[in-house]
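J.: Input: one structure, supplied below.
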Amino acid sequence: AIYLDQPISRHLQLVRVAQPRARSVGVVLGPSQSVSQSELTHAASSSGLRLSTAALSGGGDLFSSLQTLLPNVDALLLFPDPLVVNRGSVQNLMLTTYRQRVPVVGYSQNLVDAGALVAVYSTPQQIGQQVAETIQRMLPARHWELPPPAYPKYFTIKTNSSVARSLDIDVPSEAVLAQRMGAGAGL
């Protein structure tokens, strides 16, 4: 199996290379979030970032949580969670962060299109390439045991230059960010 989500460390690495002056990152966690508080704390500490979190129990408290969280962070990191990011919340979430001048680091091209500063994700073609490479390694050896689940080896970086300009953030090009993160190097 190859996870569709990126490892937490890759998201935090993107924060570091896209915003080298960032010292703190905020995360809103919903009840169905697959990322645990302890994983986040450990990964943020390893990345040299201070972590602030807000936990949601229902959709109604998202914006009150953002009002508390945003003044204390340099970036907001989003993970796939239907209570936090959904059709009904994404526009207001982006407007709220934009007004607070806190850039959003997302997990999909759609979030960048909606107003996130930057995102890291794997395309279906990249996942397919990794699957094909796994099969090619198994064929000559006639070793049909599947490897353990892994995060995507290949990934894409997408930036929103309009948001960067509006927030007065100098973000390197997507190619430079990908190079600094070792895109395709199997991080």
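The values are calculated or read from the model by the stated rules, or taken from the named source; none is laboratory data. It should be emphasised that the depicted structure is a prediction, and the values quoted were computed from it without experimental measurement. Neighbour counts are summed over all protein chains in view; Cβ atoms, including those assigned to glycine, are modelled from backbone coordinates with ideal geometry. Heads up: the accessible areas ignore ligands, DNA and RNA and are worked out on the full protein's heavy atoms, side chains in. Shrake-Rupley method; radii C 1.70, N 1.55, O 1.52, S 1.80 Å.
J.: Could you check, for region 67-74, whether at least one of its residues is buried (at least 17 other Cβ atoms within 10 Å of the Cβ), of a type in the set (A, V, I, L, M, F, W, C), assigned to a loop (DSSP other than H, G, I, E, B) and at pLDDT below 95?
T.: For region 67-74, residues buried (at least 17 other Cβ atoms within 10 Å of the Cβ), of a type in the set (A, V, I, L, M, F, W, C), assigned to a loop (DSSP other than H, G, I, E, B) and at pLDDT below 95: absent.
J.: Starting from residues that are charged (D, E, K, R) and in contact with a strand residue (DSSP E or B) (Cβ under 9 Å, 6 or more places away or on another chain), keep the ones in region 151-185 and report whichever is surrounded by the most Cβ atoms within 10 Å (Cβ to Cβ). Even if it seems obvious, please write down each step before you answer.
T.: Narrowing region 151-185 to residues charged (D, E, K, R): 153, 158, 165, 168, 170, 174, 180.
Subset that is in contact with a strand residue (DSSP E or B) (Cβ under 9 Å, 6 or more places away or on another chain): 153, 158, 174.
Working: Lys153: 18, Lys158: 20, Glu174: 15.
My answer is Lys158.
J.: Taking only region 104-151 into account, find how many residues are within 20 Å of Val15 (Cβ to Cβ) and among the aliphatic types (A, V, I, L, M). Break it down into steps so the answer makes sense when it comes.
T.: Taking region 104-151 as the starting set, the residues that turn out to be within 20 Å of Val15 (Cβ to Cβ) are 104-122, 151.
Of the ones still in play, those that are also among the aliphatic types (A, V, I, L, M) are 104-105, 111-112, 114, 116-120.
So the count comes out to 10.
J.: I need a count of the residues in region 5-35 that are polar (S, T, N, Q) and open to solvent by 40 Å² or more (accessible area, probe 1.4 Å). Show your work before the answer.
T.: Kept after step one, since they are polar (S, T, N, Q), are these residues of region 5-35: 6, 9, 13, 19, 24, 32-34.
Still in the list and also open to solvent by 40 Å² or more (accessible area, probe 1.4 Å): 9, 13, 32, 34.
Here the count works out to 4.
J.: Follow-up question, since we're still on this one. Is there a residue in region 116-125 that is free of Cβ contacts under 8 Å to residues at least 60 places away in the same chain and part of a helix (DSSP H, G or I)?
T.: Yes - at least one qualifying residue is present in region 116-125.
J.: Being of a type outside the set (S, T, N, Q), out of contact with any Leu (no Cβ under 6 Å at 6 or more places or on another chain), open to solvent by 30 Å² or more (accessible area, probe 1.4 Å) and in a loop (DSSP other than H, G, I, E, B) is the requirement here; does Pro148 meet it? Talk me through it step by step, then tell me what you get.
T.: Numbers: of a type outside the set (S, T, N, Q): yes; out of contact with any Leu (no Cβ under 6 Å at 6 or more places or on another chain): yes; open to solvent by 30 Å² or more (accessible area, probe 1.4 Å): yes; in a loop (DSSP other than H, G, I, E, B): yes.
Yes, satisfied.
J.: To continue, here is another question. Leu56 versus (1) open to solvent by less than 40 Å² (accessible area, probe 1.4 Å); (2) modelled with pLDDT of 95 or more: which is the lone unmet condition?
T.: Condition not satisfied by Leu56: (2).
J.: Next up: Does region 125-141 contain at least one residue that is closer than 30 Å to Ser64 by Cα and modelled with pLDDT of 95 or more? Even if it seems obvious, please write down each step before you answer.
T.: Step one: of region 125-141, the residues closer than 30 Å to Ser64 by Cα are none.
No: zero hits.
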